[in-house]
Structures are given as structure tokens and as C-alpha cells.
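The values are calculated or read from the model by the stated rules, or taken from the named source; none is laboratory data. Everything quoted here is computed from the prediction, not taken from an experiment. Positions of Cβ are backbone-derived with ideal geometry, glycine not excepted, and every protein chain shown enters the neighbour counts. Please note that ligands, DNA and RNA were not included when accessible areas were found on the heavy atoms of the full protein model with its side chains. Shrake-Rupley method; radii C 1.70, N 1.55, O 1.52, S 1.80 Å.
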Amino acid sequence: MFNHVANSSAFIIAKKGCVYFVWLVFAALGAVQNTSAQNKTQSRVISGTIIDSASKEPAGFATISLKTEKDSLVKTIISKADGSFKFENVKAAAYHLVVVSTGYARKVVNIGLTNTIEINVGTISLVRETRSLKEVQVTADRPIVQQKTDRIIYDIQADPESKVTNVLGMIHKIPFLSVDADDNVLMKGNTSFKVLINGKESGMFTNNLKDILKSMPALSVLRIEVITIPPAKYDAEGLAGIINIITNRKIKDGYKGNFNVNDGFPNGGPGAGGSVTVQNGKLGINAFGGGSIYTNPQTNFNHIRTTTGTDASILQQDGYNSGNGKNGYFGTELSYEIDSLNLLSGNFNINGNRNNGFIAQHSALSAADGTLLQGFDLDNNNHSNGGGFDASLNYQLGFKQDKNTLLTFSYRYSQNNSNTFTSISISNPFGYTTPDYKQPDNEKSREQTVQIDYAHPLNKVNMEAGIKAIFRNSGSDFEYLSLDSTNNQFENDPLSGNTFNYVQDVFGAYNSYQFSLKKWNFSAGLRAEATYVNANFISTGTFVDKTYLNVLPSLTVSRQFADNSSLNFGFAQRILRPGINLLNPFVNRSDPNFIISGNPNLRPTVMNNIQLGYSTNAVKNLSIFVATDYTFFSNLELPVNLFDPATQITTTTYENNAKGGGIGLNFNLNYSPAKFYSLGINGNLLQFFVNGTGNIAVERLNLLAGHVSLSNSFKFGNGWSAGLNGDYQSRSPRSIQGISNAYFSTSLRVNKELIKDQLFVSGSVRNPFTKFRSNVVTTTSPDFLQVDENQRYFRYTTFSLNYNFGRLKSNIKKNRKGINNDDVGSGF
């Protein structure tokens with residue numbers, strides 16, 4: 001740890017470095033712009049963009065021919081992946097463009113260029129070719145999985161199951177993603193990823209991701225993007241990557257929406273959710289929301305810890321638990337197009353949750369010979385509630401000389417709070433003198449972000465640059481109240497509580513370049529981030545003061561083939577900062593024999609990821625995606641379990657205690673051999689090789705883990721359809737010391753379309769032949785072995801009703817840039 005003077009000096013140097021970096025970027029940009037302006041006076045240029053008339057997405061790799069009035073060919077080029085094209089060094093004359101692309105109708109555009117130095121024909125919309133039978137319909141199939149330069153896109157709307165399920169029910173079909181037996185979303189086998197909504201961060205996903213995804217209808221989501229190699233324009237995201245949930249709909253004047261109600265039992269409960277998009281002239285609104293009430297009926301548990309050494313012992317705990325809760329969320333985006341060059345947009349999100357739980361536990365500590373050393377019964381009543389909101393405002397400025405040149409100013413404010421209260425009652429003690437106690441903890445977090453982004457095309461290269469400042473202030477105030485037997489009152493123990501304040505300021509700058517060369521696409525960027533951290537333990541008068549600077553590169557290369565196949569290569573170095581839930585020094589004593597605490601001394605993790613992917617839609621009705629990646633790091637933050645033989649207590653906290661990495665193989669297949677049947681296979685294999693450092697230097701994690709999901713969809717007559725799914729999850733790591741057991745899951749769903757494309761009803765049963773599943777986590781260490789077995793409801797039934805409504809007619813406008821604070825992690 002550096003001293004305060006060294007840290008302050010380093011931070012000053014870091015800030016100056018970022019300022020110089022940004023100054024050089026914009027100075028170079030100005031020089032390039034001046035040179036570009038001089039060149040324009042010496043040549044004539046024709047440019048534009050090709051798009052799909054229905055989806056408004058770019059139509060890349062279209063053939064554009066420039067012809068004279070007499071139809072003589074002058075020049076032919078191919079549009080870039082983003083649909084843009086440019087003819088340079090064109091003589092003054094009257095021309096017309098002929099645009100041809102597979103699956104689209106031929107398009108002719110007449111232009112004149114007699115006295116104009118440069119003309120931008122704007123967007124050229126291509127219409128997909130159709131055939132008329134009894135009604136006009138688009139015959140082209142939509143690929144469910146698409147591979148872009150830096151991400152995988154899963155088209156939720158192209159999957160028939162989206163009409164009758166929620167977003168969580170779709171996750172197991174998406175490359176790189178899976179869902180464990182507790183409905184936790186995993187990316188590349190772990191939970192260290194960031195979730196964005198329409199490209200922006202929202203606090204609603206911070207603590208209750210699975211609950212919100214359960215109440216979010218899949219029909220309210222257009223697509224899900226899995227960004228495994230985040231480019232430089234994103235904050236320094238670490239470990240697995242980013243999940244971007246897109247709900248924005250491109251519409252004509254009018255409105256369109258959907259609504260879902262659902263219920264599940266015996267564990268689960270009623271829920272509802274939906275979304276609506278409205279466009280009226282220059283004003284567009286997209287809103288979504290939902291909520292649920294759930295119940296976890298009583299289930300049993302059994303924990304055994306066996307220690308070795310001179311004071312060997314066996315601790316056995318058994319009992320039962322139950323719980324219930326509520327959660328709700330609402331989000332909205334607004335957009336107002338002042339004119340063709342000025343655009344205002346903003347968003348507002350709010351969420352809240354409330355949970356109650358009860359645990360009844362019997363605990364017995366025995367010596368190796370079976371002699372009872374300590375015993376007691378414990379009742380644990382716990383309550384928590386939390387929530388927050390975030391709001392942002394963006395202003396986008398365009399330029400007449402080049403509509404692809406954009407300057408964006410953004411501001412975002414967010415606030416999240418959570419309160420927990422645990423009450424512990426002890427009865428039938430033997431060799432145990434700790435009285436009843438209570439633990440309240442109040443946690444808060446505030447964040448402000450200011451950001452400027454600039455995008456400018458330089459001939460065939462698209463340049464992006466930006467600067468950003470994030471100001472975070474988080475803290476907690478926790479107490480330990482012990483029962484005083486003399487007055488039967490709970491008294492505060494100041495030595496077991498603390499008031500903690502954590503300040504983190506991040507100053508960043510990035511510069512990236514993208515260009516296409518025939519069917520090759522390249523993207524490269526560099527991001528610099530200087531971070532200042534100050535942790536203040538107010539109760540004890542101690543401080544933690546740190547400063548660090550990171551310069552992080554990213555690179556992606558992709559090759560498009562004529563048979564709708566693509567090959568991608570990417571490298572990114574990212575940084576993962578610990579979140580407040582890992583930094584908070586609050587000591588959770590809900591179980592006196594197993595206490596849990598955060599660590600305010602955690603440092604950021606620097607991660608390197610190399611990825612190679614291949615996708616193809618060359619065969620009709622068949623799409624295949626395969627990717628392999630290699631990840632390595634040196635100071636990963638992981639939970640650590642340490643046993644103290646003097647107190648017979650196991651303590652769990654987080655430390656930067658691991659180095660190593662992993663090799664992964666991800667695969668996805670979608671096949672429709674017949675109109676009534678489609679097959680989907682999604683899976684991954686992960687080889688972990690992680691070595692412990694510090695207090696667990698002797699620990700090793702060498703494990704091959706994997707997941708595979710098999711989805712079968714059937715379409716019958718009269719609006720009936722069905723699905724049969726199977727999922728297998730192998731043993732998986734919970735930490736460098738802990739591994740969970742494998743499981744196999746099945747589900748069956750039946751759906752009925754009551755009103756064509758509008759009203760659907762669905763019923764499903766999961767694991768119909770297995771009522772309970774034992775979730776077993778085994779933790780090993782040189783001085784103890786711990787086995788935690790928790791019973792989970794495995795069989796449950798759900799019902800849902802989905803309704804679509806509205807009519808549409810013009811595109812909702814949206815800023816191309818915005819704030820994405822995606823640099824904070826939440827653990828292994």
C-alpha cells in the first residue's frame with residue numbers, strides 16, 4: 001500500500017495524463033478535419049447509407065453501381081457493414097445509383113452533381129422481396145443468432161417461445177449465457193457481468209436481476225446483446241462482459257405494446273409486466289414496468305463442518321427456512337427531435353423490493369470422540385427492503401457537412417438504498433453464552449456521471465473519442481445490539497458496529513477507430529482511467545487512501561463471407577472494480593458459527609480476454625455459432641473461507657487472492673427441419689485453472705465445468721404449440737475453495753394463440769417427476785471440510801397470459817451515445 005503522499009502524487013499525474021491524452025486526441029482531430037476540408041475542394045463525393053426498410057437496420061455488403069444518364073457504368077462498390085458507402089473523385093454530371101442486395105428488391109436513385117462538391121443522398125431503404133399467395137407476407141426467415149464484430153445478438157422476437165414466456169425463460173438459449181438451479185443468470189459460468197437496459201446502466205438490475213427478468217415478458221424485449229469483448233467506448237468492464245437488453249422499438253406514428261400476467265406455485269407467485277412505445281411526430285416514449293409477489297415455502301437444510309488438527313471437531317447444523325417478498329420496477333425513455341441536427345433524450349428508472357425470511361436451526365459442536373462441546377437452537381427473523389432510481393439527460397448535436405459527425409453531452413444521477421434487519425433468538429444453550437442479538441444495517445450509494453462523446457468519419461475510418469467523470473459515494477451504518485439480561489433491553493455494542501463511507505472518483509478518456517476493407521472489419525481502441533479511492537471508517541477514525549491509473553487496449557477483427565458466415569477475433573484488457581456489497585465491512589452474524597464480512601481494502605482486478613468466434617447461416621433453416629476464448633488475470637477477488645480453531649468460527653470475506661485463468665468453448669445451434677418443429681442447442685465448456693495467493697496460497701482450482709441446454713419447439717394447428725426443454729449443469733465453482741454439485745432439469749410448456757399475434761395463454765411444468773433438489777456446496781481447506789446441503793423446490797408450475805396491442809408508423813429517435821457505467825463487479 002502506498003503512503004498518502006505517493007498516492008496523491010500518482011493521482012495528480014494520472015489526471016494530468018488523462019487531460020493530455022484527451023487534448024492530443026481532439027488536437028489531432030482538428031488537424032485531420034482541416035486537412036479533410038482542404039481535400040473536399042479538390043474532389044467530388046457521393047455518399048449515403050443503405051438500410052432495411054422494415055427493421056431500419058443497416059444493410060451491409062450491398063452492391064451499389066454508379067451509372068450515367070445513359071446507363072453507362074462508372075464505378076461499382078460494396079457498402080460497409082454499417083450500410084454506409086462513398087464514391088470519391090467523381091466528375092460533375094447527372095447520375096443514378098443502382099442498389100442490389102440478396103433478398104431485396106432492386107432500387108434506383110437519381111441524383112445530380114453538376115455544381116455540388118459533395119452530396120449525401122441520405123438513407124436508401126431496401127424492401128425485402130415478397131410473394132403473394134392469399135395474403136402478402138415476408139418469406140425470408142430471420143436468423144435468431146447473429147455475430148457482430150464485438151458481440152453476439154439473440155433476436156428474441158424471432159424465437160416463437162418469446163410469445164409465451166418471460167425473459168429469464170429465454171436466457172438458457174443465448175450463447176455464453178445459462179441459468180443455474182436457483183435461477184441465477186450466469187455468463188461464461190459466473191456472475192461477474194454487467195446488465196444494461198437499452199445501452200444504459202440501471203440500478204434495477206443490481207440486487208434483484210432474476211426477480212425482474214421473471215416479471216419481464218419476453219415480448220417486451222427486441223433482442224439481447226452479449227458483449228464479450230467490450231470496445232474502448234465502454235467503461236473498463238471486467239471478467240465475463242456485458243448483457244445489453246434492448247426494449248426500444250422502431251415504430252411509425254402511433255403506439256404499440258404488450259402486457260403479461262403470470263403465476264407460479266408452490267414456490268413463486270403472481271406477477272405482471274409489460275411495455276409500450278408511443279411516437280407522435282418528433283416526440284417518442286418507450287416505457288416498461290412490472291412487479292411480482294413470491295413465496296418460498298418451507299425447505300430443509302443440513303450443514304456439516306469437519307476440522308482437523310489437535311483440536312479436531314465436528315459441527316453439525318440442521319433446520320428449515322422459508323421466505324416471501326415483493327418487487328417492482330418501472331422505466332421510461334423519452335426522445336424529442338428538435339430538428340434534423342439536434343436531439344434531446346432522457347430516461348428514468350425506479351425500482352423497489354421487500355423481503356422477509358425465517359430460519360430455525362439446531363447447532364451442535366462435538367469433539368472428535370463425540371463429546372458435545374457446544375450446542376444451541378437459533379431462530380432467525382430477517383427483513384430487508386431496498387430500491388433506488390436513476391435519471392439521465394442527453395443532448396446530441398449533428399453537423400450539416402456530415403450527418404455521421406456527432407457530438408453528445410450526457411449527465412446521469414443514480415441513488416440506491418437498502419436496509420436489512422436481523423433478529424437472533426437463542427434457546428437451549430450448552431456451553432454457549434452469547435445472548436440474543438439484533439443486527440441492523442443501512443446501506444446507501446449515490447453516483448453522478450458527466451460524459452462527452454464525439455464521433456467523426458475520416459474518409460473510410462470512423463473515429464470515436466470521449467471523456468468521462470464518475471463521482472461515487474457509498475456507505476453503510478451498521479450496529480450490533482446485544483440483549484442485556486439485567487434490564488431485558490438490547491444495548492448497542494460500539495466495537496461490533498461501524499459507520500463506513502466510501503468515495504470513488506473515476507476519470508476516463510478513450511479513442512477508438514473502426515474501418516472496413518472489402519469484407520474485413522477492424523476496430524481498435526485505447527482507454528485510460530484514473531481512479532481515486534478514499535474509505536473512511538468514521539467510528540474508528542481510520543482511512544484507506546488509494547490511487548491507480550490503467551491504460552486498457554481493445555481490438556476486434558471480423559471477416560464476412562459470401563455464404564452468410566463470419567469469423568471474428570477479439571482481444572480486450574478490462575478492469576473490474578469491487579462493488580459496495582463486497583467493500584462493506586459489515587459483519588453478518590446471522591449464523592454465529594459462520595460469519596460473513598466485506599473487505600474495504602479490495603483492489604481492482606485486471607483481466608485479459610482473447611476470443612475467436614465463427615458463425616454461419618449458409619444452410620437454410622440452420623444457424624451455427626462456435627467460439628473459444630482464453631482469459632487470464634493476476635489478482636481476482638474471490639470469497640475466502642478461514643477457520644479459527646480458537647473460536648471454532650469460520651469467517652468468509654473477499655480478497656484479491658487468485659491468479660490464473662480459464663479456457664472456454666461456447667456453441668449454439670438453431671435448426672428448423674420442418675415448419676412444425678425447431679431445435680435449439682446452447683452450451684459451453686470451461687476449464688478453470690486458478691491458483692490461490694495470500695491466505696489461501698495452497699488452494700487450487702482445476703475444474704472442467706459445462707452446461708448444455710436442449711430446446712424442442714412444436715407447432716400444431718389452430719394456434720397450439722408446445723416446447724420440451726432439457727438442461728444439464730455440471731459441477732461448478734462457487735469460489736477457489738467451493739464447488740457445487742451437478743443437476744439435470746426438464747420442462748414442458750403448452751401454448752395457445754387465442755387471437756392471432758395478439759393474445760396468448762401458456763402453461764408449463766418444470767421437473768414434473770422431482771419435487772425437491774438438494775443443492776450441495778463442498779468447501780475444502782487444509783484444516784477443514786465443509787458440506788452445505790440446502791433443499792430447493794425443483795418442481796413447480798406456471799401460467800401466463802400475454803397480450804399485444806397497438807399500431808405503428810415512424811422511427812423513434814435515440815442518441816447514439818450515452819452513459820454506460822459498467823465497471824463495477826458483484827463477486828464470483
- Only one of (1) farther than 26 Å from PRO231 by Cα; (2) in contact (Cβ under 8 Å) with a residue 40 or more places away in the chain is not met by ALA646, so which one is it? (2)
- Message: Taking the condition of being among the hydroxyl-bearing types (Ser, Thr, Tyr) and crowded, with 18+ Cβ neighbours inside 10 Å, how many residues in segment 309-336 meet it?
- Response: 3
- Message: Within segment 196-207, does at least one residue satisfy the condition of being small (Gly, Ala, Ser), within 25 Å of ARG354 (Cβ to Cβ), surrounded by fewer than 24 Cβ atoms within 10 Å (Cβ to Cβ) and in contact (Cβ under 8 Å) with a residue 40 or more places away in the chain?
- Response: yes
- Item | Out of LEU602, LEU555, LEU526, LEU582, sole residue that is part of a strand (DSSP E or B) and either out of contact with any helix residue (DSSP H, G or I) (no Cβ under 9 Å at 6 or more places or on another chain) or within 28 Å of ASN641 (Cβ to Cβ) (or both) | LEU555
- Query: Is it fair to say GLY717 is touching a strand residue (DSSP E or B) at 6+ places or on another chain (Cβ under 6 Å) and more than 19 Å from VAL626 (Cα to Cα)?
  - Reply: no
- Query: Are any residues in segment 267-308 more than 22 Å from SER162 (Cβ to Cβ), open to solvent by 60 Å² or more (accessible area, probe 1.4 Å) and not in a strand (DSSP E or B), and if so, which ones?
  - Reply: LYS282, THR308
- Message: So MET204 ticks every box in (1) part of a loop (DSSP other than H, G, I, E, B); (2) at pLDDT below 80 but one. Which box is left unticked?
- Response: (1)
- Across segment 675-703, what is the number of residues that are out of contact with any Ser or Thr (no Cβ under 6 Å at 6 or more places or on another chain), surrounded by 13 or more Cβ atoms within 10 Å (Cβ to Cβ) and in a strand (DSSP E or B)? 15
- Task: Please identify the pairs in which a residue from segment 231-242 that is within 16 Å of PRO604 (Cβ to Cβ) and open to solvent by less than 10 Å² (accessible area, probe 1.4 Å) has its Cβ atom under 7 Å from the Cβ atom of a residue that is among the polar types (S, T, N, Q) and at pLDDT below 65, counting only partners at least 6 apart or on another chain.
- Result: ASP235/ASN820; ASP235/ASN821
- Filter segment 207-229 for residues that are modelled with pLDDT under 80 and in a loop (DSSP other than H, G, I, E, B) and give the result. ASN207, ASN208
- Go over the candidates SER445, SER425 one by one and state the one that is surrounded by 19 or more Cβ atoms within 10 Å (Cβ to Cβ), of a type in the set (S, T, N, Q) and part of a strand (DSSP E or B). SER445
- Query: Give me the pairs: first residue in segment 561-582 and on the phi < 0 side of the Ramachandran plot, second residue among the hydroxyl-bearing types (Ser, Thr, Tyr) and modelled with pLDDT under 80, beta-carbon distance under 7 Å, and six or more apart or on different chains, which are they?
  - Reply: ASN568/THR149; LEU576/SER192; GLY579/SER826; ASN581/SER826
- Note on the structure: Going through (1) under 26 Å from the mean Cα position of the chain (by Cα); (2) surrounded by fewer than 21 Cβ atoms within 10 Å (Cβ to Cβ) one by one, PRO592 fails only at (1)
- Message: Anything in segment 718-732 that is touching a residue at least 60 places away in the same chain (Cβ under 8 Å) and closer than 30 Å to LEU703 by Cβ? List them, or say none.
- Response: ASN725, ASP727, GLN729, SER732
